[in-house]
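Contents: one structure, followed by commentary.
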Amino acid sequence: MLVCGTHRGLYRLDDPLDDPTRVAACGRVREVVRSGDARIAATEEGLLRSTDGTEWDRFELSEDPFSVLAGPETVLVGTRPVGVQRAGPDPETGDWRFDPVGDLAAHPHGERWRDRAPDGEPSVRTLAMHPDDGVLAGLEPGGVYAFGGEFWRRYGRGVHDDVHDLRVLGDGGVVAATGNGLYRTDDGDRWHRLDTDFRDFWANYFREAIVHGGRLYAGANRWGPDAPSGVTLSAPADDGEFDADADPVPAADPAFVVSWAVTGDALVGGTLRVDDDGFAAEEPAPLVVREDGAWSTGATLPAGVTSLAT
């Protein structure tokens, strides 16, 4: 099963080539993840949970959910206004409860985040768990912060402010996909930029990265003379210099990959259409599939594919 979050709600497919079935009309889906045998989605209309990918129940959460990090029993939710909530079933009642993870909004940098947000309200766009450094939160805008159990601290310098996705690598390094560049840190102190190859100078807007088969993949939107078009960059995950291969997106219309999942041996990417005016989020967009070393086109969704979960 593949659950696709889009700009027009949630869809379910039996495989990447299957016809999509709409299972929830919930506006734009910001992130959908697997949690044990369930799936949890942060959407414009709230936080949803399903045990079968078809019927979805809504959680009572006062904040606006933007990101989800899920384990079998515990769920972390990144919100707007800025905050992180830990969710899980109450052992006595079975009802889900939400408790704050520290007080991120009270961080001394909060005023700077709010000054840079277009409407004065930044969001926790992405969450990750680091084996040594605890919970990582990527803010848009604001950078990356870590919670080790007592307080939130800035997690390194040098990353772009608009953080869209965080991926913890097997060696403890962290990759950040941002609105201007793909970054990596190996010590939580200093970020360095990976997408510096002059051959793809204009490919600098990233939404999400993934590791599959020992390689790091990231889709980028091209600006400037190469627009409108997208490219998928990939290199060995342990290559700190990211000497990347650049593959075109196998779509009939210009698009770039904004979401990833692995199903079986296949790598699946959800795309977002682009045109001369920028992002075409409401236009139909295909899945792309990499299997046996080759890219192909999968099913087409009715709108841009914002997030994928198996």
Subject >> Scope the range 40-82; condition surrounded by 18 or more Cβ atoms within 10 Å (Cβ to Cβ), touching an Asp or Glu at 6+ places or on another chain (Cβ under 6 Å) and within 23 Å of Phe147 (Cα to Cα); matching residues >> reply: Ala42, Ser67, Val68, Thr79, Arg80
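Out of curiosity, is Arg167 free of Cβ contacts under 8 Å to residues at least 24 places away in the same chain, out of contact with any Gly (no Cβ under 6 Å at 6 or more places or on another chain) and part of a strand (DSSP E or B)? Walk me through it before giving the result.
On the way: free of Cβ contacts under 8 Å to residues at least 24 places away in the same chain: no; out of contact with any Gly (no Cβ under 6 Å at 6 or more places or on another chain): yes; part of a strand (DSSP E or B): yes.
Considered against the rule, which asks whether it is free of Cβ contacts under 8 Å to residues at least 24 places away in the same chain, out of contact with any Gly (no Cβ under 6 Å at 6 or more places or on another chain) and part of a strand (DSSP E or B), Arg167 comes out as no.
Is it true that Asp103 is closer than 21 Å to Gly143 by Cα, touching a Gly at 6+ places or on another chain (Cβ under 9 Å) and open to solvent by 70 Å² or more (accessible area, probe 1.4 Å)?
On the way: closer than 21 Å to Gly143 by Cα: yes; touching a Gly at 6+ places or on another chain (Cβ under 9 Å): yes; open to solvent by 70 Å² or more (accessible area, probe 1.4 Å): yes.
Considered against the rule, which asks whether it is closer than 21 Å to Gly143 by Cα, touching a Gly at 6+ places or on another chain (Cβ under 9 Å) and open to solvent by 70 Å² or more (accessible area, probe 1.4 Å), Asp103 comes out as yes.
I want to confirm something. Restricting to the range 188-202 and keeping residues that are among the basic types (Lys, Arg) and without any contact (Cβ under 8 Å) to a residue 40 or more places away in the chain, which single residue is least open to solvent (accessible area, probe 1.4 Å)? Quick ask: steps written out before the conclusion?
Here is the first cut: in the range 188-202, the ones among the basic types (Lys, Arg) are 190, 193, 199.
Remaining after also requiring without any contact (Cβ under 8 Å) to a residue 40 or more places away in the chain: 190, 193.
On the way: Arg190: 136, Arg193: 82 Å².
Of everything passing the filter in the range 188-202, Arg193 is least open to solvent (accessible area, probe 1.4 Å).
Conditions (1) in contact with a His (Cβ under 9 Å, 6 or more places away or on another chain); (2) free of Cβ contacts under 8 Å to residues at least 24 places away in the same chain; (3) assigned to a strand (DSSP E or B), marked per residue:
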position	(1), (2), (3)
Pro65	no, no, yes
Val68	no, no, yes
Gln85	no, no, yes
Gly88	no, yes, yes
Gly94	no, yes, no
Asp99	no, yes, yes
**OP:** List every residue pair whose Cβ atoms lie under 8 Å apart, where the two residues are 6 or more positions apart in sequence or sit on different chains, the first residue falls within the range 33-58 and is under 23 Å from Asp165 (Cα atoms), and the second residue, located anywhere, is surrounded by 23 or more Cβ atoms within 10 Å (Cβ to Cβ) and hydroxyl-bearing (Ser, Thr, Tyr).
**Re:** Val33/Ser307; Ala41/Ser307; Ala42/Ser67
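Out of the residues in the range 203-226 that are in a loop (DSSP other than H, G, I, E, B) and either small (Gly, Ala, Ser) or in contact (Cβ under 8 Å) with a residue 40 or more places away in the chain (or both), which is most open to solvent (accessible area, probe 1.4 Å)?
We begin by selecting, within the range 203-226, every residue in a loop (DSSP other than H, G, I, E, B); these are 213-214, 223.
In the following step, the residues that additionally are either small (Gly, Ala, Ser) or in contact (Cβ under 8 Å) with a residue 40 or more places away in the chain (or both) were identified as 213-214.
Values: Gly213: 77, Gly214: 47 Å².
Here the residue is Gly213.
The values are calculated or read from the model by the stated rules, or taken from the named source; none is laboratory data. Quick caveat: nothing in here was measured; it's all calculated off a predicted structure. Here the Cβ is made from the backbone with ideal geometry for all residues, glycine too, and neighbour counts use every protein chain on show. Keep in mind that these areas ignore ligands, DNA and RNA; they rest on the heavy atoms of the full protein, side chains included. Shrake-Rupley method; radii C 1.70, N 1.55, O 1.52, S 1.80 Å.
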